Amino acid sequence: MSTQPPSSLSRDEATLRLVWPQWQGGGLASVTAFFPEQPVDRARRGYAVGAAVLEAVLPEHAGPTAHVPVDMSDAGLELVDGIEAKDAVVTGLGSALRTLAQHPDASRVLTLGGECSVSVAPFSVLADRYADDLAVVWIDSHPDVGTPSSEYPGYHAMAVAALTGHGDPDLVGQLPAVLPGCRVALAGLHSWTDDDIGNAAEWGISTFAPGDLRASSDPLLAWLAGTGCSKVAIHLDVDVVDSEEAVLGLGIEPHGLTTTQVQRVVADIAARHDVVGLTIAEFIPRQVMQLQDLVDGMPLV
């Protein structure tokens, strides 16, 4: 595949805005623990509300927008092969890949999620397009390197594993390409479970704690330079923002990066590399959902 956008398209025109409100990969146990103020069936679908809000607040752009269809029913939510809602996420991955295939001229993808697994399809497509010239920076409080053998069965915690070729064959087998761990970095990492954190080191994934990046982006930039890649895909799980500043994601994680620090890290990457992928994931708009509660059942609504 070509590594450059068609000459007839501007940078903005070559950027696909992919709206993927997938919620099924968010583990039920996490939703129950971190979002108790809403009934669990409503809370777990908060990811879809977050994707709608993101689409509403972003500025207009010249390129195409595509929506990945997501089933809002309870179909396919059973635990299968160590993955909660496996049938739903397998179906969702296929739908996303077909949607991406309808836009072959899109050399850049902005993905609005949805839980963290919404990066898997677009980043895999970008890895297929750019081959060994693509690196991934995964900005997240969590490593997302779980597998079906991990204790936690939520697929959003397995996204990096899938992207690096590890995990369930019904999911990994759909991907057009995977990345070696040496071209993936976890930035802002400071919360994990002991049973799967070792996968990051085993697979050669580099990690940067918030303290590594508070004063400067230089450690991460040095790692990027060492990959030799000119293209970068950035995943932003909004729970990397210190929850003492703002609770933006499902997870409530104190001692993360500040909003200003996250903006600086992304800007520093973009100043030195061609950002061809960006995902904004895990946004749970709690106040918007409270507003929905307020107006529910009112006349004329």
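The values are calculated or read from the model by the stated rules, or taken from the named source; none is laboratory data. Everything numeric in this text was worked out from a predicted model, so none of it was measured. So basically every Cβ, Gly included, is an ideal-geometry build from the backbone, and we count neighbours across all protein chains shown. When the accessible area is computed, the model is the full protein with side chains, heavy atoms only, and any ligands, DNA or RNA have been set aside. Shrake-Rupley method; radii C 1.70, N 1.55, O 1.52, S 1.80 Å.
Here are some notes:
- Lys/Arg +1, Asp/Glu -1 at C-beta; the chain dipole; positive extreme among SER243, LEU300, ALA88: LEU300
- About its Cα centre, the dipole of the chain is roughly 880 debye, where the only charges are +1 on Lys and Arg Cβ and -1 on Asp and Glu Cβ.
- Centroid-to-centroid separation of region 85-131 and region 26-47 [C-alpha atoms, Å]: 24 Å
- Only helices enter the 222 nm calculation for the chain: every DSSP H run of n ≥ 4 contributes -39,500 (n - 2.57), and dividing by all residues gives -9500 deg cm²/dmol, rounded to 500.
- Sparse-neighbour loop sites [GluC sites (Glu not before Pro); region 50-143; at most 13 other C-beta within 10 Å; DSSP]: GLU60, GLU78
- Computed over protein heavy atoms with a 1.4 Å probe, the carbon and sulfur contribution to the accessible area of the chain reaches 56%.
- Taking all protein chains together and rolling a 1.4 Å probe, MET72 ends up with roughly 90 Å² accessible.
- Mean separation of Cα contacts under 8 Å (6+ apart) over length of region 74-124, as relative contact order %: 24 percent
- Annotation: per residue accessible area for region 190-241 equals 41 Å², rounded to a whole number [probe 1.4 Å, protein chains only].
- Solvent exposure of region 1-122, expressed per residue, is 42 Å² of accessible area, with all protein chains present and a 1.4 angstrom probe.
- According to the Cα-based calculation, Rg over Rh for region 40-141 is 0.97, with Rh computed by the Kirkwood formula.
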